[in-house]
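Encoded as structure tokens, the structure appears first; notes follow it.
Just so it is clear, none of the values below were taken in a lab; they were calculated from the coordinates. Keep in mind that this is a model prediction, so the values were computed, not measured. Cβ placement follows ideal geometry from the backbone for every residue including glycine, while neighbour counts extend to all protein chains displayed.
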Amino acid sequence: MKSVWKWVIGIAVCLLTVIAIGAWYLSRHWKPILDARIKEAIISSTDSLYLIAYDDLKFNLITGHASIKNLRLTVDTNRYAVMELERQAPDNVYNMSIENLRIRRFYPRDVLSDRRLRIDDIIIDTPTIHVVNTYHAYNDTLTTKRDTRTLYQRISSILTEVSVSNIHFNGIQFRFSKRTDSTMNETVLQNLNVKVSDILIDSVSQFDTTRFYHTRAIEVDMPGFRYETPDSFYYISFDHLQIATLYRQLTLTGLTYAPRMSKAEFYKRKQAAKDMAVIAFPSIRLEGVDFQRFVDHNQLYAGSLHIDSGTVAISNDLRYPKQPTDKIGKSPHQLLQNIRQPLKIDSVVLKDVYISYAEVGRKYKKEGKITFDRTSGVFRNVTNDSLALVHNKTMEADLTTYLMNSGKLNMVFAFDMLDERGAYTYRGKLGAMDGRPLNRIITPLLNAEIASATIRFVSFDVQADDRRSRGSLRFNYDNMRLHLLTADDNAKSSSMRVASFLANSFIINDSNPDANGKYHRGRINYTRPRTASFFKMLWQSLAQGIKECAGISPERERRLLNAAEEAKKASEKTGDFFRRIFKKRSEGTQ
């Protein structure tokens, strides 16, 4: 019995030895065949534009594992030059190098016998990818003759099927270079991780619209990124980017757009009254993304964009000189139309976004601030696609916010995206609130304060375009009292009672309806200066209606603004008089 086992073990060892020697022999002799097939496939599938080279190719027939050392995929510059002369050259070309490529469970026999390439896993560590973009005008036209064959049709003479279960790209070093006539702009991304799942190229899958470039899914994971703008004032950064083609989703976390210096340094360098922006969104999620359309036609189509919480803070310092510019044609919907990137997003959803505007006044050199807290709502039909706008030319916004974190404000906008004069409408209602929180914006800029005001509601309905806004406004309030302020010698605010009494008694209606029961409705008919921004036009139009409801005519407004200055002068004269009197008395007692 013992001898039988010796024979069995001996035969098994001999068989394994024969298999190992045969696998070694075949591995060495199949290498030139596979090498030729690989190079032929690359040349055929890329119209001879790319060349492939590597230092060593190893595979084991027993385990089905293989590896390639120092793989290089490079552009054939001579072929590219010929394609440019023939007006066939693509805008983007790719150069790639890989130090180590590992293949798990590779079946070369199927390649040679059935012309089927089947691989379970490909692991690519720290590849370097360089994309060079050179613009060619002929690629924007439809008349250029192109190879319209599918990838399968291009390789079908060599392989009838290519299937790979997974490809892992670990630690990609990516560089994108955009070449123009005189410059080369570069963007560098590091440490990207990409997983490509279920690749299938055959006669059936070539027409499978559920696949994205023959794949069932592509997942991209990118860590932190920071880009500094060419003007040296701002940077853009994010903490994490994730793309999932299977779920048609893109998620961005920790997005920030902010100055690269403090506010004081910003204006010291600008030497002008320019808006400074700080934008931060913890999470942005783009859903229903048409990745195929984006890659094929450079059009960003998506179902919805979700912005969950975040901050938009704008500030200005009017102590510096203004540099007026023409703002006509630069309303938000007009700027959207001017974006070169074609886009269509069915809905942009905001949730709990904090919005603020702060301004240091030229006259009193103090900062006033207005806030719109917990801003939520939805923008619909956000697009600059001309074909989509033929079917629906209106972009709508339905927003809810809390003015100074107090009064609930609902606003509905409707923008006509095709109107040459930038027509739009807006209506809204501010609910009940105490008027005193508005002192955060009023007191520093106007040197006045609301002593009391019970706001019942403000409602408005306005039609506007680039030049003018017209509409109506209702402002119901009770017990409005103003204090006009000045600074004493210790820089503390003191109430100028006489001026405040005159303003409250003869200039401003303390309620609406007023003491006589008359209701004052605000009429809006505002002509926009060419240098006024969209948001300034919005505010000035509403302010015009509010003033009329409060009984402040243009003449009364001038009297109100002059009251503080007159009282200040009177106060200074009175103070000088008493100081001289007390000074004389003091000298007389000595």
What nm distance separates the two modelled labels at T400 and D56, each placed 7 Å from Cα along Cα→Cβ?
6.7 nm
Amide H within-cut-off set for K344, under 5 Å, with H built and near neighbours excluded:
L300, Y301, A302
Ranking request for peptides 81-88, 226-233, 69-76: highest mean number of other beta-carbon atoms within 10 Å first, then the rest in descending order.
69-76, 81-88, 226-233
Diffing segment 222-237: the Karplus 3J(HN,Hα) column from phi (6.51, -1.76, 1.60, θ = phi - 60°), in whole Hz with x for Gly and Pro, holds 10, x, x, 9, 9, 10, 9, 5, x, 6, 6, 9, 10, 9, 10, 8
For segment 330-337, Karplus-derived ³J(HN,Hα) couplings (6.51, -1.76, 1.60; θ = phi - 60°; whole Hz; x for glycine and proline) come out as 10, 6, x, 6, 6, 5, 4, 5
Between beta-carbons, use under 11 Å as the cut-off and find the net charge around S511, counting Lys and Arg +1, Asp and Glu -1.
0
Per-residue ³J(HN,Hα) for segment 188-193, Karplus 6.51 cos²θ - 1.76 cosθ + 1.60, θ = phi - 60°, Hz, x for Gly and Pro:
10, 10, 10, 6, 6, 10
